[in-house]
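Asks: Below is the structure I would like to discuss, written out as structure tokens.
The values are calculated or read from the model by the stated rules, or taken from the named source; none is laboratory data. If you're wondering where the values come from, they're calculated on a predicted model, not measured in any experiment. Reconstructed Cβ throughout: ideal geometry from the backbone, glycine too, with neighbour counts over all protein chains shown.
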Amino acid sequence: MRVNIEVNGVNYSEEIEPRLLLVHFIRDQIGLTGTHWGCDTSNCGTCVLWLDDLPVKSCTVLTAMADGHRVRTVEDLEQGGELDPVQKGFMQEHGLQCGFCTPGMLMTARALLDRNPNPSDLEIREAISGQICRCTGYENIVRAIRWAAANSSSNGALDVAEVAQ
Amino acid sequence: MTTTENQANPIGFGRMLRKEDARFLRGKGNYVDDLNLPGMLHGAVLRSPYAHARIKSIDISAAQAHPKVKAVITGEILETLNLAWIPSLSHDVVAVLATDKVRFQGQEVAFVVAEDRYSARDALELIEVDYEVLPPVVDAKKALDKDAPVIRDDIAGKVDNFIFDWESGDKAATDEVFANAAIVVNQDMLYPRVHPAPMETCGAVAYMDPIDQKLTIYSTTQAPHAHRTLYALVAGLPEHKLRVVSPDIGGGFGNKVGIYPGYVLAIVGSILTKRPVKWMEDRSENLMSTSFARDYHMKGSIAASADGKILGLRVDVLADHGAFNNTAQPTKFPAGFFHVFTGSYDLMAAHCSVRGVYTNKAPGGVAYACSFRVTEAVYLVERMVDRLAQELKMDPAELRMKNLLRPEQFPYTSPTGWEYDSGEYPRALRLAMDIAGYEELRKEQAQKRAKGELMGIGISFFTETVGAGPKRHMDILGLGMADGCEVRVHPTGKAVVRLSVQSQGQGHETTFAQIVSEVTGIPPEDIDVVHGDTDNTPFGLGTYGSRSTPVSGAAAAIAARRVVDKARIVASAMLECAPEDLEWEKGRFNIKGDKSVGKTMAEIALGAHGTVELPEGVEGHLNAECVYDPPNLTYPFGAYICVVDVDPATAKVSVRRFIAVDDCGPRINPMIVEGQVHGGLADGVGMALMEVIAFDEDGNNLGASFMDYLIPTSLECPSWETGATVTPSPHHPLGLKGVGESATVGSPPAVVNAVIDALAPYGVKHADMPLTPAQVWQAMQGAPYRTDLAIQ
């Protein structure tokens, strides 16, 4: 079957098998490998991307369900050579180690801050509670999202100095 | 402290943001499953649904007829290549594909190579295997029963499921201490089977170039050099035609030390099809077939005087090794470093015995950041000390303080022969108690108990045993556990460091640049770290057992010192003075007494590559290397305190606070060290409260997906409180000890001790992990259950 999906602002019209999972479409067919495949059962969240404006676990979404919709992945967070505040926050607060859960965490973090620009620690913990990180013990992820909240102006533009690299 | 602004990078040690983050944050990491080589095919493994069954026949004809299938491989085909069985890491063999029997649920039976991922899986369903189901051995305690089915009838003359007996310590002396002790406390405990479950599962892309016959294997390996040599030895492939690449790895925790059948199958698939073959397991395959951890049934006894002086410790272990003995550890140590079980205490005598048995479960045993079974050792001693405190009605902190090794006892030789390098134990425990507000917590607990509320405070003091290891004692399949490092300074003063170890998230690209920076004064941002590619790095045994910093970190420091030594000679030639007339100031050599005359490392590097006339016998350029054979292990340590609340109505445990004081010697990058500790603490909470791989009576794996194998999320983990003391290692060139596994080793007993403490009003003395609400409820009723079997 043919699907039309906008991924990170680019329109893709692709022939797919009806059973193709969105995570495999994004990774293997479109070649955006920032979104990861970790568990198959919607438990780990390494595959989180946005379907329209909502974070979803793409290992349990059929590509066909994304037909006519917009997808946003981690590769779209950096805009005009400028990292998103959540990306800067994860670097500043050491919110990542192996990096495997990071893209999904970043997409959830961005979605949280879009809706709640100044979340409490508990709200942050609840927002990422559907995703597993095996390296950080979560504390630095919470700090990273808090950093991003503290270092974003209301329109999303940054009010802090450049991050290294 | 939270840092809210970017800081200038340090020269050498200090907080520095990670270099590797730049790609991970952008979704540009390069993990094995991200590889997409031209013409690449996809492999999938057919696995056994049974724990124990004889294979009567395998029909692959329908799978072979699938239009997208390029190859179907069975054990029978591998036998013709002499690859059906490969040596294990513990003097046993492991089946790549089953030929005679399947011996655990999830064992590899056949391999399909197809044009795409989905077709390969489709074809698995077309393979027909006729099994004769056999009774399985599920309960390790029944593995040696006379009527137990013999699992390993592939071994000539094998009539039981016995693997080994091993012991350490002085049994007679220990018996005497126990015979004369005022107090003896016995406690059986299980450290159940758990799984490292890194977020990235295991996988490989293999490509045998049909023209130059060079085989490149990109794989999720923590030990690329060791894998290369093992592939050469096992498959008879010439080692110079083998390249193993460990690209970005999505967490290891020991899960990625061994060679899995899937890697070998990807190689065979590539040889047969002459195309690159990718094999990537899914989560269930990871949990069911790759290296598990622990599975130690321990009978502990502790002896003490009436006033709480610990005198002796002994333990008898039944170790469940699964269907093949494939634990990854130094050859001489079938129980790993478990015999460091006397922990952090000054006692007179100790003895341990370990019996390994086969069961119809996946092989493995040494994984999940365990430092070669120091996790089990620390759990044993820290639970026993708490049991003793219970019997003595003594505060567990006071009991520990009374028995901890004192600073003047170091270097300390333990009753089982370990030489602890350095330690200031009471200082660390006191600091943890101060951060926790220990005395106040006890008061709060007393008030809560009076109201019927269940609050617990648990302490754990651990001594880690890392940095394996001295070649005279330690090898893996004959390969000595020394590691290499090369430092090359370019003419413009920028440097490249090549490591034998590699990162699975620890941040080597940053910390090893900082190590070389610390010694040479070259800024860390001017130092590139190359790792994980056997064609481009020196030989070494890899990253596990917290060994990168103590072993390769020492190699890097010494190589960097050799660069500085050479730089002195070059600088003296440039300044036309004697080398001894120069003094080192981080990053430059000056004429003694005159800082205005000198040469920077960049100037010296250019000189070394230029036309400066060097003394007779001194070669140009500014490079050095080192192969480091550590004189001893390093012994990081720490004091942990956990505070829990237990809901008396639901038996649910909530971790309110966790205080961790770690001493790993000087910290290369405190931010990264703290991150390593945080991750290990989450592991501890997971193992203590949630994680277990149990089996039902048919040998079905009951933890085979993330629906069933529960890993802590952000809601189960508290906000960690950390502290540090610094006791350098006297034998490491920079005093470093390593920290990767400290918190995983040290934290589980703190959580369990806290829960048992909370349950004191119910008279609970012990319950095995994981302390799920069901298990805690059962313990409150006086009947905790066995967590390794299906709940009866």
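Asks: Just give me the residues in the stretch B:556-589 being more than 37 Å from the chain's Cα centre (by Cα) and not hydrophobic (A, V, I, L, M, F, W, C), in sequence order.
Replies: B:R568, B:S572, B:E576, B:P579, B:E580, B:D581, B:E583, B:E585, B:R588
Asks: List, please: which pairs have Cβ atoms under 8 Å, are six or more places apart or on different chains, and start with a residue in the stretch B:172-186 that is assigned by TED's automatic domain parsing to the domain that holds B:R387 and end with one that is surrounded by fewer than 17 Cβ atoms within 10 Å (Cβ to Cβ) and among the charged types (D, E, K, R)?
Replies: Pairs found: B:I183/B:E391; B:V185/B:E391; B:N186/B:K299.
Asks: Now for a different question. Report the residue count in the stretch A:1-48 for those that are at the interface with another protein chain (Cβ under 7 Å from one of its Cβ atoms), of a type in the set (S, T, N, Q) and more than 14 Å from the chain's Cα centre (by Cα).
Replies: Here the count works out to 2.
Conditions (1) within 29 Å of B:A319 (Cβ to Cβ); (2) out of contact with any Cys (no Cβ under 6 Å at 6 or more places or on another chain); (3) buried (at least 16 other Cβ atoms within 10 Å of the Cβ), marked per residue:
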position: B:L83; (1), (2), (3): yes, yes, yes
position: B:A98; (1), (2), (3): yes, yes, yes
position: B:Y118; (1), (2), (3): no, yes, yes
position: B:D122; (1), (2), (3): no, yes, yes
position: B:Y131; (1), (2), (3): yes, yes, yes
position: B:K142; (1), (2), (3): yes, yes, no
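Asks: Next question, about the same structure. Where residues in the stretch A:111-135 are among the polar types (S, T, N, Q) and at the interface with chain B (Cβ under 8 Å from one of its Cβ atoms), which of them is surrounded by the most Cβ atoms within 10 Å (Cβ to Cβ)?
Replies: Going through the qualifying residues, I end up with A:Q131.
Asks: Would you list the strands (runs of 3 or more DSSP E) that sit entirely within the stretch B:545-649 and hold 3 or more residues that are of a type outside the set (D, E, K, R)?
Replies: Strands (runs of 3 or more DSSP E) meeting the threshold: B:588-591, B:594-600, B:622-628, B:637-646.
Asks: With the condition kept exactly as written, say whether any residue in the stretch B:650-672 is under 21 Å from the mean Cα position of the chain (by Cα) and within 24 Å of B:Y762 (Cβ to Cβ).
Replies: no
Asks: Applying the selection to the stretch B:346-360, what residues are surrounded by fewer than 24 Cβ atoms within 10 Å (Cβ to Cβ) and either hydroxyl-bearing (S, T, Y) or assigned to a loop (DSSP other than H, G, I, E, B) (or both)?
Replies: The answer is B:D346, B:L347, B:M348, B:S353.
Asks: Write out, first by first residue and then by second, each pair whose Cβ atoms fall under 8 Å of each other, whose residues are 6+ apart or on separate chains, and whose first residue, in the stretch A:10-26, is buried (at least 22 other Cβ atoms within 10 Å of the Cβ) while the second is acidic (D, E).
Replies: A:F25/A:E14
Asks: For the list (1) surrounded by 18 or more Cβ atoms within 10 Å (Cβ to Cβ); (2) within 11 Å of chain A (Cβ to nearest Cβ); (3) of a type outside the set (G, A, S), I need the number of the one condition that B:I693 fails.
Replies: (2)
Asks: Being among the hydrophobic types (A, V, I, L, M, F, W, C) and within 23 Å of B:R383 (Cβ to Cβ) is the filter here; which residues of the stretch B:464-495 pass it?
Replies: Selection gives B:V466 alone.
Asks: Being β-branched (V, I, T), touching a helix residue (DSSP H, G or I) at 6+ places or on another chain (Cβ under 6 Å) and surrounded by fewer than 24 Cβ atoms within 10 Å (Cβ to Cβ) is the filter here, so list the residues in the stretch B:187-218 that pass it.
Replies: none
Asks: Look at A:T102 and say whether it is polar (S, T, N, Q), more than 10 Å from chain B (Cβ to nearest Cβ) and within 17 Å of the chain's Cα centre (by Cα).
Replies: Criteria not met by A:T102.
Asks: What single numbered condition from (1) of a type in the set (A, V, I, L, M, F, W, C); (2) over 28 Å from B:T220 (Cα atoms); (3) touching an Asp or Glu at 6+ places or on another chain (Cβ under 6 Å) fails to hold for A:L77?
Replies: A:L77 satisfies all of (1) of a type in the set (A, V, I, L, M, F, W, C); (2) over 28 Å from B:T220 (Cα atoms); (3) touching an Asp or Glu at 6+ places or on another chain (Cβ under 6 Å) except (2).
Asks: I would also like to ask the following. Among B:I249, B:I271, which is the only one that is crowded, with 24+ Cβ neighbours inside 10 Å and either more than 12 Å from chain A (Cβ to nearest Cβ) or touching a Ser or Thr at 6+ places or on another chain (Cβ under 8 Å) (or both)?
Replies: B:I249
Asks: With the checklist (1) crowded, with 24+ Cβ neighbours inside 10 Å; (2) in contact with a Pro (Cβ under 8 Å, 6 or more places away or on another chain); (3) under 30 Å from B:L380 (Cβ atoms) in hand, flag the one item B:F461 doesn't pass.
Replies: Tallying (1) crowded, with 24+ Cβ neighbours inside 10 Å; (2) in contact with a Pro (Cβ under 8 Å, 6 or more places away or on another chain); (3) under 30 Å from B:L380 (Cβ atoms), B:F461 fails exactly one: (2).
Asks: Whether any residue in the stretch A:31-41 is within 17 Å of B:K28 (Cα to Cα) and surrounded by fewer than 19 Cβ atoms within 10 Å (Cβ to Cβ) is what I want to check.
Replies: Taking every residue of the stretch A:31-41 in turn, at least one turns out to be within 17 Å of B:K28 (Cα to Cα) and surrounded by fewer than 19 Cβ atoms within 10 Å (Cβ to Cβ).
Asks: A:T108 fails exactly one of the following numbered conditions: (1) within 12 Å of another protein chain (Cβ to nearest Cβ); (2) more than 19 Å from A:N43 (Cα to Cα). What is the number of that condition?
Replies: (2)
Asks: Something else now. Output the residues belonging to the stretch B:400-430 that are surrounded by fewer than 19 Cβ atoms within 10 Å (Cβ to Cβ), among the hydrophobic types (A, V, I, L, M, F, W, C) and part of a helix (DSSP H, G or I).
Replies: B:M401
Asks: Can B:I259 be described as without any contact (Cβ under 8 Å) to a residue 40 or more places away in the chain and assigned to a loop (DSSP other than H, G, I, E, B)?
Replies: Against the criterion (without any contact (Cβ under 8 Å) to a residue 40 or more places away in the chain and assigned to a loop (DSSP other than H, G, I, E, B)), B:I259 does not qualify.
Asks: Checking the conditions here, which among B:V501, B:V487 is at negative phi, outside the structural domain of B:V685 (by TED's automatic domain parsing), assigned to a loop (DSSP other than H, G, I, E, B) and crowded, with 21+ Cβ neighbours inside 10 Å?
Replies: B:V501
Asks: Say whether the condition of being in contact with a Phe, Trp or Tyr (Cβ under 6 Å, 6 or more places away or on another chain), farther than 23 Å from B:I73 by Cβ, away from chain A (no Cβ under 14 Å) and among the β-branched types (V, I, T) is met by at least one residue in the stretch B:295-307.
Replies: No - not one qualifying residue is present in the stretch B:295-307.
Asks: Since B:I641 meets every condition but one in (1) within 14 Å of chain A (Cβ to nearest Cβ); (2) more than 30 Å from B:V516 (Cβ to Cβ), which condition does it not meet?
Replies: Status for B:I641: all satisfied but (1).
Asks: Out of the residues in the stretch B:647-690 that are charged (D, E, K, R) and farther than 19 Å from B:G14 by Cβ, state the one that is nearest to the other protein chains (Cβ to nearest Cβ).
Replies: Top of the filtered list is B:D683.
Asks: Which ones in the stretch A:70-90 are away from chain B (no Cβ under 11 Å), of a type in the set (D, E, K, R) and touching a helix residue (DSSP H, G or I) at 6+ places or on another chain (Cβ under 8 Å)?
Replies: A:R72
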